């Protein structure tokens, strides 16, 4: 497996040379606390100096195995050759003109690639933006304009961003919504087919959850009032929940029957992460609109809404836009990232990563009753931690496990509505030796609990 990282001077190894955090990171943290808003919290109290392939090196020379990818952003690596070369070339030409003033070819090229890559063979158009939340905001704007309806339906455990509208769309209070209201109106939340926690068992989950969703929209919202149903095909911040098979196709069919737009939020799942270019392909879903960000540009800020041409063209000229949306350097990086994904067949690589990781995680679950479930797809996997013998969430054990991993040189992230899920998002270009070593570190950390 070819590894893409910032030159041969960045060894692909776990290396601990100081306590964690080291003196350099502690000094920088003191400066951060004096200059940066406290609301910007930190998963690991270490400061990065270099990163690439499957490692992050801190300012003290410690090297951590990366099971986070900057929250699913650096699938192609932190400094993939094609991303760096294309972005560098663009930097020498111009950094900005504003696509609404004097457009440029890179913007069009990215939209052409999105039309080719996203599910469905219908005519598509795209709008480029800066962040996932901005993409979701614009998808809702477009859906409301096109349908002339107002209501937006979202799901339990869903996460869609930190702006006012997207906080309203997001399910979890702390830390995302707490104290920041009031939120935008005409947002309605319905049950999600969460197999591990469905009261009558996973075998009934898809059918019963879909029936509840249909009833709530029909009786409480009104199909004639509903502009869109918005869902993550695999939930991200809600806990890497894979909805019960058959649930999403039922919801998509219901939406189509009633003129409701089906929007797939693929901001965390998109661009090869789940073993396909987009997670909704797993059940043959063809969304009316799809939102993307994170993995699209190898670490540079870029996002998009892509959808059926007649829907994307609904808004009046000037109704969509933004000063920085589709920045030319970010567009160049995205073209380099997509080139890398194709060249290395990263959807297949994500499936290989799952083939290596899932059996090890399953074996750990069999050994430690603390692990209630192993789930996910591709290189988007998770374990849900519970109090042994129950399904009661155990966020304290989850936090302790993450801290134990961090001390041992493994960068992991926690997530979930109950704060009891550990998620694994390794770069798709990570080497197998590092993957195996990272799982060894996880096993050692579990043993300490």
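Rule-based calculations on the coordinates, nothing more; no lab input. Computed from a prediction, not measured in an experiment: that's the story for all the values here. Every residue, glycine among them, receives a Cβ derived from its backbone with ideal geometry; neighbour counts consider all protein chains shown.
Some observations on this one:
- Shape of the chain, Cα gyration tensor, a/c cut at 1.5: oblate
- Only Cα pairs under 8 Å and 6+ residues apart enter the sum, and on that basis the relative contact order of segment 22-167 stands at 12 percent.
- Anisotropy class of segment 12-99 from Cα gyration tensor, a/c 1.5 cut: oblate
- Normalised radius of gyration (Cα atoms, divided by 2.2 N^0.38 Å) for segment 81-344: 1.00.
- Mean ellipticity per residue at 222 nm, deg cm²/dmol - from DSSP H runs of n ≥ 4 across the chain, formula -39500 (n - 2.57): -11000 deg cm²/dmol
- FRET efficiency, 1/(1 + (r/R0)^6) with R0 35 Å, evaluated for residue 29 and residue 433 via beta carbons: 0.65
- GNM top mover of 287, 233, 175 - the chain, alpha-carbon springs below 10 Å: 175
- GNM top mover of 409, 259, 378 - the chain, alpha-carbon springs below 10 Å: 259
- Ranked packing of 273-281, 206-214, 391-399, most packed first, by mean Cβ within 10 Å: 273-281, 206-214, 391-399
- In the elastic network of the chain, a GNM with C-alpha springs shorter than 10 Å, the most mobile of 375, 349, 31 is 31.
- Highest-first packing order for the peptide set 73-85, 109-121 is 73-85, 109-121, based on the mean count of other beta carbon atoms within 10 Å.
- For the chain: relative contact order, % (alpha-carbon pairs under 8 angstrom, 6 or more apart): 22 percent
- Highest-first packing order for the peptide set 428-437, 315-324 is 428-437, 315-324, based on the mean count of other beta carbon atoms within 10 Å.
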